[in-house]
Amino acid sequence: MLITDTTVKEKNGEKKTIAIAVAVALHAFLAIIFIVITVVPELRDEPELVAKVVSSQRSEASKVEKKTVVKQVQQVNPTTAASPIAKMMRANAAAKMVAPSVSKVSDGPIGLGEGEFGVGMGGETKMGSGASFFGSRSTGRRFLFVLDHSASMTPSRLELRDNELKKALYGLPKEVQYQVILFGGGALFAEPGWSSKRIGDDLEVSHRNKRYLFTPFRGDTDWKFKGEDRDLPRSRWLNVTRTNINNSLSMLPKIEEFYGTDWSIALQVAHQMEPSPDVIYFMSDGTGGNATRPILEVNRKLGRPVINTFAMQTTNGAKQFFEIANKTGGEFMIIDGSGKPNKVTDPDEVF
């Protein structure tokens with residue numbers, strides 16, 4: 001065969017073409033391998049999430065669902081899918097799938113419960129739902145209403161107190177518990193089976209076969225319990241049911257108003273509850289000089305519940321109300337003549 005310059009050029013061109021084709025094919029092959037190594041493992045993570053919630057019996061519907069998810073994943077930009085942000089988003093999505101439902105949420109206007117998670121400012125962290133009384137909101141699992149039931153509580157004050165308590169109790173989420181204590185120169189629970197009567201200057205509280213005797217010590221604002229602290233009136237926490245709430249409310253007009261007013265005894269009974277309350281709503285129409293120090297000492301020893309305080313249409317005892325609330329993480333409200341709550345941040349401003 002005669003080899004000419006033209007023949008040589010043709011052969012060299014063919015070799016170059018083949019070399020280019022091989023190089024292109026090799027690069028394409030390497031690119032495919034790279035994609036398989038870096039992208040496919042990321043893509044496989046997502047269908048596995050679906051496999052966890054789809055039944056073992058592979059119906060046509062489940063196959064369609066899995067294919068749909070895979071198709072959506074494949075449309076994601078490979079760079080984004082492999083990024084730390086994408087991994088974090090997938091981790092968050094997985095966490096949401098297994099997170100338990102901890103608490104119901106209920107919203108309402110002032111005076112109704114407002115469910116949420118919260119931290120008790122008076123002590124340990126508390127997770128639960130919310131309650132509200134005269135506009136003061138707190139969160140927890142156990143709510144105790146300690147309400148003045150002394151003779152100085154006029155009919156209009158009693159009506160205002162009872163209406164607000166009704167709204168507060170019916171606004172409580174079902175997963176919490178509550179109790180109501182009425183006090184004056186002694187204390188009892190607003191619950192069927194509890195009663196009281198005067199015996200001379202003393203007050204006798206009764207519950208079934210038990211008797212509790214309170215006596216004035218130094219005037220009508222300083223009372224003593226005849227017995228040890230462990231023998232003070234006790235009751236159990238009540239679940240939030242319509243029957244329990246109706247029973248609590250029905251007791252309010254049945255119990256005669258007490259002679260005298262003693263905060264310490266009332267809050268001593270409150271702190272004896274087991275388990276300890278998370279929040280105490282304490283309301284009175286004044287004080288003749290109750291010392292705050294023993295009240296705060298009991299609070300520190302027995303659970304450190306938040307105490308929200310309410311002065312019912314009075315400024316008497318404002319400094320004591322404020323100190324108790326402030327040092328337990330609560331709020332102090334003055335309820336004015338129209339029934340409107342006014343939050344006090346400085347007790348001196350009310351004089």
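The values are calculated or read from the model by the stated rules, or taken from the named source; none is laboratory data. Just so it is clear, the structure is predicted and the values come from calculations on it, not from any experiment. Don't worry about glycine lacking a Cβ; one is built from the backbone with ideal geometry, like all the others, and counts go over all protein chains shown.
The table for this structure:
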item	result
Those residues of segment 263-304 which are closer than 21 Å to residue 226 by Cα and touching a Lys or Arg at 6+ places or on another chain (Cβ under 9 Å), in sequence order	265, 269, 271, 272, 273
Residue list for segment 326-340, restricted to those being crowded, with 23+ Cβ neighbours inside 10 Å and assigned to a helix (DSSP H, G or I)	328
Test: residue in segment 141-156 that is more than 23 Å from residue 264 (Cβ to Cβ), in contact with a Ser or Thr (Cβ under 8 Å, 6 or more places away or on another chain) and either part of a loop (DSSP other than H, G, I, E, B) or modelled with pLDDT of 95 or more (or both)	yes
Boolean, residue 248 is surrounded by fewer than 19 Cβ atoms within 10 Å (Cβ to Cβ), among the small types (Gly, Ala, Ser) and closer than 18 Å to residue 147 by Cβ	no
Test: residue in segment 160-180 that is in the same structural domain as residue 338 (by TED's automatic domain parsing), assigned to a strand (DSSP E or B), over 18 Å from the mean Cα position of the chain (by Cα) and within 22 Å of residue 257 (Cβ to Cβ)	yes
Test: residue 276 is surrounded by fewer than 20 Cβ atoms within 10 Å (Cβ to Cβ), under 24 Å from the mean Cα position of the chain (by Cα), within 24 Å of residue 333 (Cβ to Cβ) and at pLDDT 95 or above	yes
Any hit, segment 228-242, residues being assigned to a loop (DSSP other than H, G, I, E, B), in the same structural domain as residue 156 (by TED's automatic domain parsing), closer than 22 Å to residue 144 by Cα and of a type in the set (S, T, N, Q)	yes
Hits in segment 127-138 (condition: surrounded by fewer than 24 Cβ atoms within 10 Å (Cβ to Cβ) and either free of Cβ contacts under 8 Å to residues at least 12 places away in the same chain or not in a loop (DSSP other than H, G, I, E, B) (or both))	132, 136, 137
Residues within segment 168-203 that are surrounded by 16 or more Cβ atoms within 10 Å (Cβ to Cβ) and free of Cβ contacts under 8 Å to residues at least 60 places away in the same chain, tallied	3
Residue match in segment 254-274 (condition: under 26 Å from residue 154 (Cβ atoms), touching a helix residue (DSSP H, G or I) at 6+ places or on another chain (Cβ under 9 Å), of a type outside the set (D, E, K, R) and assigned to a loop (DSSP other than H, G, I, E, B))	no
Sole exception among (1) at pLDDT 95 or above; (2) of a type outside the set (A, V, I, L, M); (3) in contact with a Pro (Cβ under 9 Å, 6 or more places away or on another chain) for residue 214, by number	(3)
Check on residue 262, under 24 Å from residue 348 (Cβ atoms) and touching a residue at least 24 places away in the same chain (Cβ under 8 Å)	no
Options 262, 231: the member that is surrounded by fewer than 17 Cβ atoms within 10 Å (Cβ to Cβ), in contact with a strand residue (DSSP E or B) (Cβ under 8 Å, 6 or more places away or on another chain) and either within 28 Å of residue 160 (Cβ to Cβ) or not hydrophobic (A, V, I, L, M, F, W, C) (or both)	231
Residue among 267, 302, 296 that alone is touching a His at 6+ places or on another chain (Cβ under 6 Å) and touching a residue at least 12 places away in the same chain (Cβ under 8 Å)	302
Cβ pairs under 7 Å, 6+ apart, first in segment 326-349 and acidic (Asp, Glu), second surrounded by fewer than 21 Cβ atoms within 10 Å (Cβ to Cβ)	331/343; 336/313; 336/342
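Yes/no matrix, rows are residues, columns are (1) within 27 Å of residue 200 (Cβ to Cβ); (2) in contact with a Gly (Cβ under 6 Å, 6 or more places away or on another chain); (3) assigned by TED's automatic domain parsing to the domain that holds residue 169:
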{"residue": "251", "(1), (2), (3)": "yes, no, yes"}
{"residue": "263", "(1), (2), (3)": "yes, no, yes"}
{"residue": "276", "(1), (2), (3)": "no, yes, yes"}
{"residue": "287", "(1), (2), (3)": "yes, yes, yes"}
{"residue": "291", "(1), (2), (3)": "yes, no, yes"}
